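The values are calculated or read from the model by the stated rules, or taken from the named source; none is laboratory data. A quick note: this is a predicted structure, and the numbers were derived from the prediction, not measured. Glycine gets a Cβ as well: all are built from the backbone with ideal geometry, and neighbour counts include every protein chain shown.
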Amino acid sequence: MEALEYFFRQLSISDLAVVLFFIGLYGAMTQRSIIKTIMSIGIMDVAAITFFMMSNFEQGARSPVTGTPPEQMADPVPQALMITAIVIGVSVVAMCLAMYMRVVFRYGTADWNILIRRLED
Amino acid sequence: MENLLVPLHMLVLLPVGIGALTFFLPRKAYQAVMLLGSLFVTAAAVQLFITVRWGSEIIQFVAGWPEVVAIKLVADGISAPLVLLAAVFFTSAYIFSTRAGHMDKTFVFLFLMLESALFGIFLSGDLFNIYVVMELSMITIAILIMYKQEKQSVYDAMLYILMNFIAMAFMVMGIAYMYRLTGVLDLMVIEQRLAELPDPRAAVLPYSMIFTAVAVKAAMLPLFSWLPRAHGAPSAPSIVSAVLSGIQVKAGVYLLVRLSIVFSPVIDAQMLFLVLGFLTSVAGFLLAIAQKDIKLILAYHTISQVGLIIMGLNLGSDVAFWGGMYHIINHALFKGLLFLTAGVIIDTYGVRSVKEIRGVFRSMPVIGIAALAGVLGITGAPFFNGSISKYFIQEGIQGNWAEAGLYLINFGTILSFVKYSTILFGSPPRHLQKPRKDPFITVISLAFGAAIFSGGIFGSQAVSLVFGPQYSAAGAMGIEKISIFAATLALGVLVYRYGVLRIEGVLSGVRNFKYNFNQITVLISLFFVLLLGYSYITMG
């Protein structure tokens, strides 16, 4: 029991992000509903972003803005880059949802297996 | 850098800038401005290519930040020719469809945005920047595929974007690992720091993640389900199919080369990619033979040719490497031409099935001749450019098992294009209306056809002009090669006549077989595990 507690205590956010990434991948492999697939892939994307954010993490570092002494600053690169990645992720998910609406209206199903049988060609 | 017409970052921004600017112009003016802008971009790309080819490679740090911190743009001996190819290709495709009905402002804007994104992929020397422009091209392509929203194009686009979204999630994860490991994103610095790693095994995980993403982009064996749907989508304008097959899929192959060089100090997976390239190629032509939609035949055949290019690039011999690079250009020329002419043929005949289209030669002589040049190029007929690059690739593997594989791929190519070229012969249906006269289509198709032919006649000169190294291509035009081609062609016709035509049941089974999305995701995961295992084991 103590060993388990020790194991959980030393888990970092990065480890959880990796687990979350593969949970998302599992969801994309198993869920037949399109909307759940989109959610799973969104989870993968967010997990990857979290993982990137936590790289070069230092306990007690302060935000990299003017006024902070350079030696106390957190690494600014992951934060700057991940803002871009978050924006990209949001727009891709938005586009996927828009396409999802189209497909559902057109074929009347949100299930990959049924959908594939209703395609025109 | 001082003597460049436009600096590299401006070259990337220029097409999308032109697109945004002309958005506000009145309908009459925008086509002229767009054309001038495209020509200017082409001129800039030509000048960039000349500077790099006969000068030295150009490295530019965006916004004047020091190395390692700045976003780096690199134009070297591999990327400059591809930028030139993309610029010329986009401009000619644009001129080709000047009079097409779908060329409205939004479409042209997206089209130019795709050009910008591809320039970005070719010129980026920074891992994260590559990720951003890949996402940009992904979104743009998804919109272009479903632009007309006919039939199942929205489904095709959704499959494309979801598959690539998974790939890009892998890519971000891989970049994050890479950043942890090395602390930089600049490709050249990553390469140096990887060589100094205390334990090279740490690079295995980021390597597999990044290469899973790149393999999806390059449409390698189990991961190509998106490609025929995207490239051959019934509703996508043929100019989109041409650009996707001609240039965009090469961006994946280019990244494969670039990133293999970056990881070369620690991981060498050439053998794996050679085998995968061969399998991709075989699977591509087998599926192409089964199709009956002419655009889908071409789309599946792109997979086969990409497999061949990957084989050439990973053989580990110089002549095969440059043969593969030359095949990238050649494939852009003939597949682009074939898709553009296929679009015209479909518009005129109003049907897409290879069985219903007959007599293109008689109804549209110019298109027929151009399509024939494309077919001869892609099958590697002597005196056409495909024969030169295939000859170079073959030079690199003499006496290897892969040489037999190359003959097999050649045979498959010929077989599937025997099927395709049945649309050229015979007599056209009587009710066919007279096609519109369009000088733009005529000029561009003949120019592409001429480029294919001269790329074959002056094969070795073309390679040394574009890339630098000198190889003799005399063997490609020898008696031996010509007779081998004639024999393969005869065999192809016979097999088509007495084999392929009689197994329609099997073919329709193959044609109707589709993976659903969950199976595709499983394949991506399996590919990831395969790469992980392979690179871990070969590291020893």
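Worth a mention:
- Check on A:Val87, surrounded by fewer than 20 Cβ atoms within 10 Å (Cβ to Cβ), modelled with pLDDT of 85 or more, touching a Gly at 6+ places or on another chain (Cβ under 6 Å) and within 12 Å of another protein chain (Cβ to nearest Cβ): no
- Scanning region B:136-150 for residues that are more than 10 Å from chain A (Cβ to nearest Cβ) and out of contact with any helix residue (DSSP H, G or I) (no Cβ under 7 Å at 6 or more places or on another chain) gives a single hit, B:Lys148.
- Residue among A:Ala28, A:Ala48, A:Ala17 that is at the interface with chain B (Cβ under 8 Å from one of its Cβ atoms), touching a helix residue (DSSP H, G or I) at 6+ places or on another chain (Cβ under 7 Å), closer than 17 Å to A:Ala85 by Cα and not acidic (Asp, Glu): A:Ala48
- Filter result (acidic (Asp, Glu) and either under 20 Å from B:Gly252 (Cβ atoms) or assigned by TED's automatic domain parsing to the domain that holds B:Val184 (or both)) within region B:46-85: B:Asp76
- Qualifying helices (runs of 4 or more DSSP H) (wholly inside region B:310-387; at least 2 residues being within 18 Å of B:Ser460 (Cα to Cα), assigned by TED's automatic domain parsing to the domain that holds B:Val466 and not hydrophobic (A, V, I, L, M, F, W, C)): B:318-349
- Screening B:Val88 on (1) in contact with a Leu (Cβ under 9 Å, 6 or more places away or on another chain); (2) at pLDDT 90 or above; (3) among the hydrophobic types (A, V, I, L, M, F, W, C); (4) not assigned by TED's automatic domain parsing to the domain that holds B:Ala242 shows it passes everything except condition (1).
- Residues satisfying the stated conditions in region B:100-153, i.e. acidic (Asp, Glu) and either assigned to a helix (DSSP H, G or I) or under 17 Å from B:Ala242 (Cβ atoms) (or both): B:Glu115, B:Glu135
- Of the helices (runs of 4 or more DSSP H) lying entirely inside region B:166-268, those containing at least 1 residues that are without any contact (Cβ under 8 Å) to a residue 60 or more places away in the chain are B:187-195, B:204-217, B:249-263.
- Criterion (at pLDDT below 85 and either in contact with a strand residue (DSSP E or B) (Cβ under 8 Å, 6 or more places away or on another chain) or of a type in the set (Gly, Ala, Ser) (or both)) met by exactly one of B:Ala487, B:Ala447, B:Ala451, B:Ala474: B:Ala474
- Residue among B:Ile423, B:Ile409 that alone is surrounded by 20 or more Cβ atoms within 10 Å (Cβ to Cβ), outside any helix (DSSP H, G or I), touching a residue at least 40 places away in the same chain (Cβ under 8 Å) and not aromatic (Phe, Trp, Tyr): B:Ile423
- Per the conditions (1) crowded, with 24+ Cβ neighbours inside 10 Å; (2) under 30 Å from B:Val463 (Cα atoms); (3) within 14 Å of chain A (Cβ to nearest Cβ), the sole criterion not satisfied by B:Val133 is (1).
- Residues (without any contact (Cβ under 8 Å) to a residue 40 or more places away in the chain, in contact with a helix residue (DSSP H, G or I) (Cβ under 9 Å, 6 or more places away or on another chain) and surrounded by fewer than 16 Cβ atoms within 10 Å (Cβ to Cβ)) located in region B:51-82: B:Glu57, B:Ala63, B:Val69, B:Asp76
- Any chance B:Ile289 is at pLDDT below 90 and buried (at least 22 other Cβ atoms within 10 Å of the Cβ): yes
- Taken over region A:54-69, the criterion of being loosely packed, with under 12 Cβ neighbours inside 10 Å and either within 14 Å of chain B (Cβ to nearest Cβ) or among the basic types (Lys, Arg) (or both) is satisfied by A:Glu58 alone.
- Selection status of A:Ile34, at the interface with chain B (Cβ under 9 Å from one of its Cβ atoms), in contact with a strand residue (DSSP E or B) (Cβ under 8 Å, 6 or more places away or on another chain) and modelled with pLDDT of 90 or more: yes
- For region A:107-121, the set of residues classified as among the charged types (D, E, K, R) and either more than 10 Å from chain B (Cβ to nearest Cβ) or assigned to a helix (DSSP H, G or I) (or both) consists of A:Arg117, A:Arg118, listed by residue number.
- Residue count for region B:468-486, restricted to those that are part of a helix (DSSP H, G or I) and within 29 Å of the chain's Cα centre (by Cα): 9.
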